[in-house]
Each structure stands twice: as structure tokens, then as C-alpha cells.
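Undergrad: Can you read through this structure? Questions will come right after.
All of the numbers you see were taken from the coordinates with simple rules; none came from a lab. Note that the coordinates shown come from a computational prediction; the quantities given were computed from them, not determined experimentally. Backbone-built Cβ (ideal geometry, glycine too); neighbour counts: all protein chains shown.
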């Protein structure tokens, strides 16, 4: 009888039957291995969670004080039934992990979300050899190729200074967990005062606890607002767009930092002044080099439009497949998710 | 090229009108006139002949990027813009090409066409390698003739007017005339020193009406001149120095397409400019716009086409008479002048044109009758109250007009869409409830979102496509529908997704006609989404039969 695959998609999520655990389940389960604390990967309601020690505080903050979370150091092997599980840095956000699953000599790795460029707020991505690699594919097209982050931060700094000279606040929309802290660590804090939205400041103690050094942010009150008018950098989730909280900063230039900003259409649709292409996901070249570094012969791609990456890998002799999951990409970025491409010969559909 | 790319970036990076104008202004001040002339050419939406087909462009770009053609196509579908797609996938370069814009255009764009294909490819690939990523994008935009930067013509006019130190209206007028992207022409646009040949061809900037839904707020109806709102091609007749030219509102010279109007216009006294509407006209009634387009599409229509599809120019206004600018005078005064000028022209012996030359001399010298003279005058309605007008307005559809126009009798002829003196009170559109059956990703601002929708109505138990619509939803609704499309796809056909019949929308449209070219047998004009009908189930949507009934009802008389 052929063995069932070590990991398979079930109604509740990616499931390991032999070890009886789920990885990033989208419904409550008994035992959830969690790659990182973004909401589409870390849903509440499961009985037990296992995550990387570095990310335990942020996960607790996200899931609430009642959640039972165990953190283990990167690289430490734990056993569930006869399955060996270990977590390895994914470089996506603080505490993000790839999950290595080994059973009877067969190794699978679930990447979670990852990026290859190292940055100060999390441990850098480490390639893990495996037979089967389940990779994210949020930006799985060669139009997505990131420029070095130093260049992007130069742009952000320049924009901030320009706004100061026009006596305007600089409102930068960012994802609250991960991107916000990466931006805090990356900008030149000597330019001026920095404010962050409550959704972001709530997470800062967890970063401090994990030993990540970030510049100090301003207390939000009438006095600090008055003193810093027209000079501050303001970080806020895009959900706060047009909120009374943001209006308190007066005249401002608005921007968004995300991988989706690579496309002019996505930038213009948001009707913001600027878009900075800064992503915590791997770009096309990053995906290809990460896949290659695993040495895996079988690849499952998930998130976004997987078809082009799958076809590319197959044309290079790999056993590649798309995997339908309920991960949505970063929740705040759903709206910018591109329409899936399609290569079939153009058949005139629906002639009027 | 570097300075021009910088301008493009500045314009692209702000949503503030004043900053856009400032960026344009400093560009026009700083750039060499020869470069500024080309920048202006592109900013005004003018193009250069296309030297590379998009098929070749894709093939070459794929080869330069070492990507298979299918992957480039996938990228293009996501980006929705070929110029941008290519700029994104080409390998990184350092740039370093410092040729000024006019030289880039002359040596790398205009010359491209004359080169054999392999040399063309080589030069283009070399240009791509020598430009940095931003420059490459702008360059591809010029190459593909899709240079649009979200700058309205009025902003360009404002910036240039400020550089030249003249009023915006004056600059708008200068820009409407004949000029080429040359250093001397650019300097002439700034200085206002007129080249005679260019000057006589210039139309005036058109005055545009604003929409109103409640004219009673406009005061006494006796203050207003009321006309039907014709639905054709807005145009000006320029009768100067022995010539008669026709310019469309789209800033295009369309004299060649309408020779009978141009010929009739030579009966106007020299130094006359009329504003009006060109309409296809048969049986004392304007024909659907589609018929007029057949004429517009021909640069020189055959005599047969002229006979089969006669056109008229319905004059609204006189802007210049006896070489004098009349725009500042009151509408009532202009109208009297217009009436006498048209009557005089109609009574004058017909001027000879090619067709007439073959006719008998005596026949030619006979005064033309009002009936077949193609210059008409827009009829004035004389309702005594807004209430009476609202009744007359209901005749609009039967008369094949879009509603009524209201023009203040004391008003001068302005430029652009200045509110207050000219209003259009359009009839309510026709509507139908239709089911979303397909969607395609949009372009530009809507790239990588499913925003181009196909709608169907019921016929024999199935939904037949009857309309495509792109507009009418809020950004938020667009995102919701996009999500629905992704989650309810039943099939993919090229870039189009077929979706489950679930969402019902109310569509508004302006007209409905028989159309053997369409599967449903009918065609609707200007369909757009009025609102979502979440209260309706798909089975509650309209049927083809109900639309046919609408067709009969509206095209009577």
C-alpha cells in the first residue's frame, strides 16, 4: 500500500497525520505549529501552539494571554509521535520560521512566508535541505524583483525630508506586524520625530523583549502633536487611512510600503502620493534561489497565483504543483493581490 | 531624456494639482526648447508613428530578459501595461545614456522605422541597456504610443501660460493651432509671435456645459436660451483666408471626412468661426452615433457614402465674424448674427466642389434650398416655464437627442468647463437589471483587478451577453466584485473569467438598437453600472424579450 503523503491539505489546514499536528491551520485544532504571527497563519482557537521562541511574545500578543504557546529555539528538534519537527529562520518577521518535518528519513519543509534579504528585526533566512518543499509564492512573477532595501530607505528618508521642507507630515502606511518595525529600524531616526498607530505600538514591547533595538517613538498628545507639526513620520496600518487619528497630523503626504507597490497601477489605485517597494516576501529571484538551495525535487507552491512558478519549475525538470490553501497573503494587502494570469490561447469568451 | 524622466516621475508621484503644475513649469523653464517641444508633444497626447509592433516588442523583450514568451504574457496580464511590464522584466542596467530628449526621439525613435528589422531590434535592445529602470519605462511609453501621465491638458496650458506670462485661455488657443515638436515652434508658442499659416487654422478652445438635474435653481427660464442636446461630433468650422477647415473637439482636423460641410462653409463670409455639432441626418432626424462614426472613419468618403450617409452641421454659436473675435459678446447678440450668417450662406449660390463641377452650370447657380444645405442652425425652444420644458424634454428619445441645453442669454463664450452659464439637462438613462457573467482584469489604475465586466439577461433559460461595462462602481465595490470573481470562477477563456450567475446589477444606458453583429441581436449605447442590486436574485434579472420591448418603445416615431 502506498504511504499517504507526510503532509496533506485537510479541511482545517495543512495536516501531518503521522504526527497528528497541523501547520498554520485555518480552523481551531488540537496542536498547531505556527510559522509566524500574521493573522492568516496564526488563527486563534487551537488548544496548543508551537512556535519559534523568538516569536513567542508577538504570537501571544496576537492570540491573547489565554493561548497555550510553547516556544522552541531555532534548530531544536522535538518529536511528535514518530515525527521530528524543527523550526528554522524564515527571515519574514520577528520569530518567523520554516517548519522542517522528518519521518523515516523523508524530509518536508514548509516555508511559511519568507524573504532572503537580511534585516535587523529578525533572524535571517536559512536554507534547509529537504525532499519536498512547500513554498510561498506571493510574488511569483519576474516583474517582482526587489531593489536593495538601503536604496528604498534612502527614498523614504528623502521623502520625509522633502515633506518637512514643505511643512507636511509624512504618513507611511505599513503592515502593523513586521513591516512597521522593519521601517522603524531602517529609517534615519535623526531626521525627526516618529509616531506610530496604536496597532503598532502594542507590538513594540514584544520586540523589545526579543532584544530588537528600535528608535523611540512619540507619545500621542496635544503637546507632542503641536511641537512636531509638519515634521513627523507617522506609521499606520492602511486600515487607519482617513481615520480621525491620522487627521490630527494636519497636512500630510501619504505613502504605502509594500511589495505590491512595484506596480504603478497598484500605486495609483490607492491614490497615495508615494509607493515604496519594500516587501517581507521573497521576490522572483528569491523564490528561485530558495527553492534551489533546498535541493528538493518536489515543490508545492502556495499563496497568490502559483501557476507561472509551477510551470517554470516543471520546465526545469522539478515535480512542481500548486497547493490550494486559505492563506491570503498579508491581510492588509489582499486588496492589492493581482488578478491571476492565464496563458491558454485566447479564446473569444462571451462575445456580445 | 534624464530631465524628461525626472518630470515624469515628479508628475507620477503627486496627486496635488499645484505640484504637478509646478513640476511642469520648472521643466519648461529648464529644458532646452528643442527637448521641451517634444515633451509638450507627448504631454498633449500626441504620438509618433509606431516603429515596433507589440508582438515584436514582446518577443524582443522576452529574449533580452531570457524569459519564455508565456511568462512575459503572464506578467503582462498582471501588470496590464506592456511598457511597464518590459521595463520591469529587463535585466538591471546602470544606465548612462545622456542624450537629450529631442535627440533620443530623432535618433532612436523616428529613425527606427527606416531600419531593417534586425537593426531595429539591435538599436532598441541597445537603448534598453543604456537606460536605467525609470528611463526605460518612460522610453517604452513613448515607443508604444501610450504616454499618459495623468496630467490634464489644462494643467499643461497653465504651466506653459505661466512660463510665457500670458493667460491660460491665450495659451490654450495657441496650443490648438498647428505646431510641430520643433524648437522654433515651441519658442513661438511661448512668445506668441504668429506664423500666419498656423494662425488661420486655429480653432478656439471649446466652451463646455456642466450637467444639471434641477434647472429650477437657475432662476427665470426667460434668462435662458434652450436648445436640444444633439449627440454627434462637436466641431468648429474655421472659415478664414479662402479656406474652410473643420476641427473636432478632440483637437483633430476632420475636414476631409466631411467635404460637403466644408464646401458649404465656403459660402460663409471670410473670417467666420462657427461652433456646432456634426450629425448623420436622414429623414429629418439624426441617426445613431454609430452611423456617424462610419463617416468619421473615412478620411475622404466616396460620393456613394456621402449620398447614403448624409451629414449636417448644426450650428450653435458664432465665435468670430468678419475677422473679429465675438466670444466676449452676449449670447443673444451672437445668436442673431449666427442666424443671419447661416441664412445668407444658404441663400448664396452654391460654391463649386468636385461633384458639383460635373453638374450643369445652371443647376449649380440655383440657390440651394434650406432642405439640402448642410449648414443648419440649432433650433431654439421657447418654453414659458421649467415645467413646460420638463415635458418637452421627454420628447428627447423620440427625437434622438440627449436632452436639452440651457445657455444664459447674457453669457459670453468661455473656455473649457466653466460652471454657471452653460448647462446640459440630460434625460434619465434607460436601465435594465442584468447578471454578471464574466470579468476581465482592467488596465492602468485598475490593472490586476477584475474590473471589466460582461453582463447577461435571460433568454430561453440561459443568460445571453448584452453589455460590457467598466464604470460606475466605487473602489470598495470593485474590490468586493474582484473577490467574488476570484472565488466564483467557472472557467477561464484567455484573460476572461466566466463566473457563477449570482450578482445582479442595474445598468444604465443611453440607447438601444438592433444589431445583427451581436449574439443577442441588440446593442446598447454607453452602458455603465448604476448600482448593485443585492436585493434581487439572478432569476429576477431582465430578459431579452423585455429589452426588445424597450427597443420598440423607444425607437418609435
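Undergrad: For each of B:17, A:138, count neighbouring Cβ atoms within 10 Å of the residue's Cβ, then give the residues from fewest to most.
TA: With the fewest neighbours first, B:17, A:138 line up as B:17, A:138.
Undergrad: Ok, one more. Provide the gained length on full extension for the span residue A:131 to residue A:154, in nm with one decimal, where the gain is 0.36 nm per separating residue minus the Cα-Cα distance.
TA: The span from residue A:131 to residue A:154 would gain 4.3 nm if fully extended.
Undergrad: Convex hull over the Cα atoms of chain B, averaged projected area in nm²?
TA: Numbers: hull surface 117.6 nm².
Mean orientational projected area (chain B, Cα hull): 29.4 nm².
Undergrad: Could I ask something else about it? Once label points are set 7 Å from the Cα along Cα→Cβ at both residue B:184 and residue B:133, what is their separation, rounded to one decimal in nm?
TA: 4.3
Undergrad: Compute the convex hull volume of the Cα atoms of region A:149-276, divide it by the residue count, and report the result per residue in Å³ as a whole number.
TA: Once divided by residue count, the hull of region A:149-276 is 103 Å³.
Undergrad: For residue A:8 paired with residue B:325, estimate the spin-label separation in nm (one decimal), with each label point 7 Å from Cα along the Cα-to-Cβ line.
TA: So the two model labels end up 8.2 nm from each other.
Undergrad: Then there is this: Starting from one equal scatterer on each C-alpha and no solvent at all, send me the Debye-based log10 I(q)/I(0) for the protein assembly as shown at q = 0.07, 0.10, 0.11 Å⁻¹, two decimals.
TA: Values, matching the q order: -0.72, -1.29, -1.45.
Undergrad: Another question, then. 222 nm [θ] for chain B, helices only, -39500 (n - 2.57) per DSSP H run of 4+, per residue, to 500?
TA: -11000 deg cm²/dmol
Undergrad: I want the antiparallel fraction of DSSP beta bridges within chain A, as a percent rounded to 5.
TA: Just about 35 percent of them are antiparallel.
Undergrad: For all pairs of alpha-carbon atoms in region B:430-554, what percent lies in each bin of width 10 Å, listed from the first bin to the last filled one?
TA: Reading upward from the zero bin: 14, 48, 32, 7, 0.
Undergrad: With angles folded into 0 to 90 degrees, how steeply does helix A:284-294 sit against the dominant principal axis of chain A? Use alpha carbons for both and round to 10.
TA: Compared with the principal axis, the helix lies near 40 degrees.
Undergrad: Take region A:101-175, drop everything but the C-alpha atoms, weight them equally and run the Debye formula without solvent; then report log10 I(q)/I(0) at 0.12, 0.20, 0.22, 0.25 Å⁻¹ to two decimals.
TA: Debye curve over Cα of region A:101-175, log10 I(q)/I(0) at q = 0.12, 0.20, 0.22, 0.25 Å⁻¹: -0.57, -1.05, -1.14, -1.23.
Undergrad: Separate question: With runs of 4+ DSSP H residues as the only contributors, calculate the mean residue ellipticity of chain A at 222 nm using -39,500 (n - 2.57) per run, divided by the residue total and rounded to the nearest 500.
TA: Using -39500 (n - 2.57) per qualifying helix, the result is -6000 deg cm²/dmol.
Undergrad: What's the ranking of A:22-34, B:316-328, B:384-396 by average number of surrounding C-beta atoms within 10 Å, highest first?
TA: So the order, starting with the most tightly packed, is A:22-34, B:316-328, B:384-396.
Undergrad: While we're on this one: So in region A:149-276, what percent of DSSP beta bridges are antiparallel if you round to the nearest 5?
TA: 0
Undergrad: Also, quick follow-up: Would you mind ranking B:411, B:332 by Cβ crowding within 10 Å, fewest neighbours first?
TA: By the 10 Å Cβ count, ascending, the order reads B:332, B:411.
Undergrad: Rounded to the nearest 5, what % of DSSP beta bridges with both residues in the protein assembly as shown are antiparallel?
TA: 70
Undergrad: Considering only C-alpha atoms, what is the centroid distance from region A:146-212 to region A:7-61, in Å?
TA: 30
Undergrad: Give me the extension gain from residue B:337 to residue B:384: residue separation times 0.36 nm, minus the current Cα-Cα distance, reported in nm with one decimal.
TA: That pair, residue B:337 and residue B:384, stretches by 14.5 nm at full extension.
Undergrad: Follow-up question, since we're still on this one. At a Förster distance of 45 Å, what's the computed FRET efficiency of residue B:502 paired with residue B:15, Cβ-Cβ distance as r, to 0.05?
TA: The computed FRET efficiency comes out at 0.80.
Undergrad: Pull out the extension gain between residue B:477 and residue B:66, defined as 0.36 nm times the separation in residues minus the alpha carbon to alpha carbon distance; nm, one decimal. It would help to have the intermediate numbers written out before the result.
TA: Working: separation 411, 0.36 × 411 = 147.96 nm, distance 3.92 nm.
Fully extending the segment from residue B:477 to residue B:66 adds 144.0 nm.
Undergrad: Using only alpha carbons, build the gyration tensor for chain A and give me the equivalent ellipsoid semi-axes, biggest first, whole Å.
TA: 36, 25, 17
Undergrad: Something else: Please give the direction-averaged projected area of the C-alpha convex hull for region B:120-194, in square nanometres with one decimal.
TA: 6.5
Undergrad: So, in Å, what gap is there between the alpha-carbon centers of region B:271-338 and region B:470-511?
TA: Cα centroid of region B:271-338 versus Cα centroid of region B:470-511: 40 Å apart.
Undergrad: Right, another one. With springs connecting C-alpha atoms under 10 Å apart, model chain A as a Gaussian network and identify which of A:176, A:253, A:292 has the largest mean-square fluctuation.
TA: In the Gaussian network model the winner is A:292.
Undergrad: Expressed in whole Å with the largest first, what are the equivalent ellipsoid semi-axes of region A:66-107 derived from the C-alpha gyration tensor as the square root of 5 times each eigenvalue?
TA: 20, 15, 7
Undergrad: I would also like to ask the following. Let's test the formula: R0 of 35 Å, r as the Cβ-Cβ distance of residue B:486 and residue A:53. What FRET efficiency results, to the nearest 0.05?
TA: The pair residue B:486/residue A:53 has a calculated efficiency of 0.40.
Undergrad: With r as the distance between the Cβ atoms of residue A:271 and residue B:298 and R0 = 35 Å, compute the FRET efficiency 1/(1 + (r/R0)^6) and round to 0.05.
TA: 0.25
Undergrad: Here's something else I'd like to know. Can you sort A:110, B:226 from fewest to most other Cβ atoms within 10 Å of each residue's own Cβ?
TA: Values: A:110 25, B:226 19.
Lowest to highest Cβ neighbour count: B:226, A:110.
Undergrad: On to the next question. Which of A:124, A:89, A:215 moves most in a GNM of chain A, Cα contacts under 10 Å?
TA: A:215
Undergrad: Given labels modelled 7 Å from the Cα in the Cβ direction, how far is it in nm from residue A:188 to residue B:285?
TA: For residue A:188 paired with residue B:285, the spin-label model returns 7.2 nm.
Undergrad: How many angstrom separate the Cα center of region B:34-109 from the Cα center of region B:121-155?
TA: Rounded to whole Å, the Cα centres lie 5 Å apart.
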